[in-house]
Amino acid sequence: MAVGKISVAPATSTPADALRDLLNEAERLGANLRGAGPRVVRLAHLLDQIADLLAKMEAAGVDLRAERVRYETVCRQLRRQKGRFLAEAGRTFQEERAAVAPDRARWWWFLDEELALERRQRLRRVLLWGGVLIVGCIISWFVYERFVAPPPEVRQAYRYSTTGEGLVEEGDLKAALAEFEAAIVLTPDDPTLWVWKGVIYSHLDQMEQAEEAFLTARSLYGEGTDFLQDRGMTYLRIGDVDAATADVEQIIAQEPQSGIGYYLRASVGVAREDYKAAVDDLDQAAELAQAAGDTQLEATARVQRAMVFQMWTAQVSPLPTPTPP
């Protein structure tokens, strides 16, 4: 069923007029997706024609800055509302895509794949941050025991470290290192800051400085696996899955009856997209936590297990992508 193919009315006098007509229709449809039903697929055809006209006319030297802004606005709006678009389009969207057989550059024809990927990534972030939260609860006494009412320097150190974590997410490790070092000057007995410093140094291939930072963090944490837990999750946040794996395996070797090692290893499994292994580890974490009376870890592991199971199911049975006839 072809619902979206468009022919420009004969009354249109110039390509510029045709382009504006297409943009007008795309803007109207994009602003009124709710309740439109399969007719929304027409928007994908409109974007095809608009993209072709823009490319052709700009190649001929026509100034289309205003029209391109309108086109890009429609595109941004569609991306923000992809869930609504797909819900309205239903199976018609995939049928039309099979008929058109579009190039991958026409991303609007692959919004279902984009949405599925975003949902998987969101679940992965939830699991990772769940691991960070658990570790944070375990080590929080360093803050709350020592700083019941944090003085100004502690609050400023927190601001430095928060900025540093944001810079790590952006990939600016040198700037992030400067923030963590500034925080250490104010609160040198906070082990998490030394862990961050060591992990960043290791990624900058300055291993001597990294080891010095890790030694300081170990001394502040003392006995147990708190240091390994913190460092493993920090490695994972910076994207070093292999290093995170090594720390998590060491935790399990040292404390095989503790659920936290298996819980953290599940985060590594998710990062590797090995969802079956992650589900198994979360089951093990929940069982060990229950046996130890750790209700918080047990509840968190079971919640995360449900989310990872969804990711595993999506991996085993992904959304179908019709092949062109």
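Brief remarks on what is shown
- The length gained on full extension between M207 and Q310, counted as 0.36 nm times the residue separation minus their Cα-Cα distance, comes to 33.2 nm.
- Label separation (A175 vs Q156): 2.1 nm, computed from points 7 Å beyond Cα along the C-beta direction.
- In this rough spin-label picture, where each label sits 7 Å from Cα along the Cβ direction, the A87-Q290 distance is 3.6 nm.
- Full extension of the chain between T73 and F110 yields a length gain of 11.5 nm, computed as 0.36 nm times the residue separation minus the alpha carbon distance.
- Three-way shape label, the stretch 181-325, alpha-carbon gyration tensor, a/c 1.5: oblate
- Gyration tensor (alpha-carbon) shape descriptor, the stretch 204-269, a/c threshold 1.5: oblate
- Label-reachable residues, the stretch 257-293, where backbone N falls under 14 Å from a point 7 Å from D242's Cα toward its Cβ: none
- Fully extended contour minus Cα-Cα distance, from K56 to A98, at 0.36 nm per residue: 12.6 nm
Every number in this text was worked out from the coordinates using simple rules, so none of it is lab data. Remember, it's a predicted structure, so these values are computed and weren't measured experimentally. Please note: Cβ atoms are built from the backbone with ideal geometry, for glycine as well, and neighbour counts cover all protein chains shown.
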